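Worksheet: the structure to be examined is printed underneath.
The values are calculated or read from the model by the stated rules, or taken from the named source; none is laboratory data. Since the model is a prediction, treat every value here as computed from it, not as a measurement. Methodologically, a virtual Cβ is constructed for each residue, glycine included, from the backbone with ideal geometry; neighbour enumeration extends over all protein chains shown. Heavy atoms of the whole protein, side chains included, go into the accessibility calculation; ligands, DNA and RNA do not. Shrake-Rupley method; radii C 1.70, N 1.55, O 1.52, S 1.80 Å.
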Amino acid sequence: MKQLERSASHTSTLPPIRPVRISLVEIFSMAIEALWSNRLRTSLTMLGVIIGIASVIMVTSVGQGVQKATEQQIQSLGTNVMLVLAGAARSGGISQGAGSAATLTWEDAQAVARQAPAATGVAPFLQTGGQIVYGDRNVSTFILGVDLSYPAVKEIQPQEGQFFTQEDLDLGNAVVVLGSKVKNDLFGAGEPPLGQNIRIQSGSYTVVGVMESKGSVGGQDQDDRVYVPLTNASRRITGNRANTGTSINGMWVKAQDENQLEAVQFQVTNLLRIRHNIFPPNPDDFRISNQIDIINTFSSVVGLFTTLVGAIAGISLVVGGIGIANIMLVSVVERTREIGVRKAIGATNRAVLSQFLTEAVLVSLVGGAIGIAIGIGLAFLAASLFRFPFVISWLSVAAGLILALVVGLVAGVIPARNAAKLDPITALRSD
């Protein structure tokens with residue numbers, strides 16, 4: 001008993017342990033050494049962060065690339081063009097879609113061309129689907145009945161032969177201009193299409209031209225169609241459904257530039273209302289949209305989809321954060337004696353807290369950097385395979401690094417605090 005009292009008395013006279021200041025460089029060095037000594041565990045801990053950041057970067061890049069590709073395709077058709085569609089017919093209470101009712105006529109289009117000052121061109125069209133036959137080849141495509149204004153308004157010209165003439169339009173001649181895809185489907189390589197006769201719904205038509213390629217826009221292949229005179233389409237292919245005039249499905253109206261679209265829309269709307277005797281509160285029997293509206297709508301949809309998928313991909317970041325927190329908690333338990341030794345020789349709670357927090361942040365940041373590199377690589381691969389622009393938003397890259405930093409900080413706080421609060425005597429007694 002006396003020996004214990006002497007020992008206690010001797011211990012009480014020991015000088016207090018002075019806190020040892022540790023520089024940031026030393027903390028950083030110790031954190032790297034601790035992580036490197038457990039390389040496998042560190043790598044597995046990073047995996048969740050890598051997958052999360054890579055997914056966010058790739059999804060964002062692919063979404064922006066698809067959006068840009070579609071915008072370019074739509075703009076190639078002209079952002080100064082407006083589409084006016086006839087109303088929707090109903091069958092059995094079900095709408096057949098805009099353009100299906102006989103509420104617009106060729107005469108309406110001619111009136112717009114004459115009386116709408118802001119319109120620089122008007123191209124009416126009558127569209128239907130049908131079979132095109134040449135020899136033993138048979139393809140299903142779209143048949144467009146148009147007039148001579150169509151190439152100028154839609155900015156598409158024949159690359160072989162010519163468009164049909166005013167005489168063809170006046171007489172309703174059986175001539176046809178092929179889209180480039182239809183030409184490739186019907187005629188073999190090196191086989192000249194000009195002057196050949198093809199059958200459209202049992203009628204014989206002479207090929208006078210082949211249009212230049214325009215590609216796909218909004219899921220519609222602009223090259224998968226043929227063009228015939230509007231008068232011919234109305235008489236021989238679709239039939240005229242209008243009580244007066246020649247029925248059309250719609251018209252493309254061209255403005256001087258996209259800034260004039262609002263003026264064109266105002267003029268066309270009021271002119272058609274007057275011609276169709278439509279007065280408020282009666283609804284219009286036509287629908288108007290322009291390319292800018294289409295671009296904005298598509299951009300909004302793609303942006304929403306990208307955000308949604310990016311958010312889903314971000315869930316793996318949460319999983320990665322949980323993994324980091326779990327591993328750091330295990331690390332605190334495994335390194336209890338080491339923490340006790342460090343605190344016994346003067347390490348402050350702040351120094352211990354800083355070391356474990358630094359380890360968590362390092363794991364997260366390195367994982368984030370690797371994830372960014374993988375995400376950029378996957379985005380580039382997807383852009384190359386599916387042929388859309390490769391777009392990387394540096395804002396998303398910066399956001400990825402910030403997310404990684406936040407994940408590391410949040411995941412490391414509790415384990416670091418637990419380590420800092422350990423009693424050195426208790427820690428030294430642990431196995």
What residue, among those in the stretch 116-169 that are touching an Asp or Glu at 6+ places or on another chain (Cβ under 8 Å) and assigned to a loop (DSSP other than H, G, I, E, B), is nearest to G209 (Cα to Cα)?
Q157
Go through the residues of the stretch 381-402 one by one and say whether even a single one is under 21 Å from I32 (Cα atoms) and in contact with a helix residue (DSSP H, G or I) (Cβ under 8 Å, 6 or more places away or on another chain).
yes
Complete set of residues in the stretch 174-212 that are in contact with a helix residue (DSSP H, G or I) (Cβ under 9 Å, 6 or more places away or on another chain) and without any contact (Cβ under 8 Å) to a residue 40 or more places away in the chain
P193, G203, Y205
Give me the pairs, please: first residue somewhere in the stretch 374-401 and open to solvent by 40 Å² or more (accessible area, probe 1.4 Å), second residue anywhere and outside any helix (DSSP H, G or I), beta-carbon distance under 9 Å, and either six or more positions apart or on two chains.
I376/I392; F380/F390; F380/I392; S384/F390; A399/S393
Picked from the stretch 228-268 (must be open to solvent by less than 20 Å² (accessible area, probe 1.4 Å) and among the hydroxyl-bearing types (S, T, Y)), the residue farthest from F163 (Cα to Cα) is S247
The strands (runs of 3 or more DSSP E) lying entirely within the stretch 174-219 that contain at least 2 residues which are touching an Asp or Glu at 6+ places or on another chain (Cβ under 7 Å), loosely packed, with under 13 Cβ neighbours inside 10 Å and of a type in the set (G, A, S) are none
Residue pairs within 6 Å by beta carbon, gap of at least six or interchain, first lying in the stretch 242-269 and over 19 Å from A88 (Cβ atoms), second open to solvent by 10 Å² or more (accessible area, probe 1.4 Å) and among the charged types (D, E, K, R), listed first then second, are G245/E107
Which residue is nearest to D221 (Cα to Cα), if the candidates are limited to the stretch 133-171 and must be surrounded by fewer than 17 Cβ atoms within 10 Å (Cβ to Cβ) and among the charged types (D, E, K, R)?
E155
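Determine which member of the set I94, I32 is among the β-branched types (V, I, T) and either at pLDDT below 80 or surrounded by 18 or more Cβ atoms within 10 Å (Cβ to Cβ) (or both). Spell out how you get there, then give the answer.
Values: I32 fails: either at pLDDT below 80 or surrounded by 18 or more Cβ atoms within 10 Å (Cβ to Cβ) (or both).
The unique qualifying residue is I94.
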Hey, among the residues in the stretch 329-355 that are out of contact with any Pro (no Cβ under 6 Å at 6 or more places or on another chain) and under 16 Å from T42 (Cβ atoms), which one's most open to solvent (accessible area, probe 1.4 Å)?
E334
Every residue in the stretch 356-373 that is open to solvent by 30 Å² or more (accessible area, probe 1.4 Å) and either of a type in the set (G, A, S) or within 15 Å of L422 (Cα to Cα) (or both), please.
A369, A373
Find the residue count for the stretch 117-149, including only residues that are under 23 Å from E167 (Cα atoms) and not β-branched (V, I, T).
11
For the stretch 105-132, which residues satisfy the criterion of being under 16 Å from D185 (Cα atoms) and open to solvent by less than 20 Å² (accessible area, probe 1.4 Å)?
G130, I132
Between a first residue in the stretch 122-133 that is outside the structural domain of E155 (by the TED database) and a second residue that is assigned to a strand (DSSP E or B) and open to solvent by 20 Å² or more (accessible area, probe 1.4 Å), which pairs have beta carbons less than 8 Å apart while being 6 or more apart in sequence or on different chains?
none
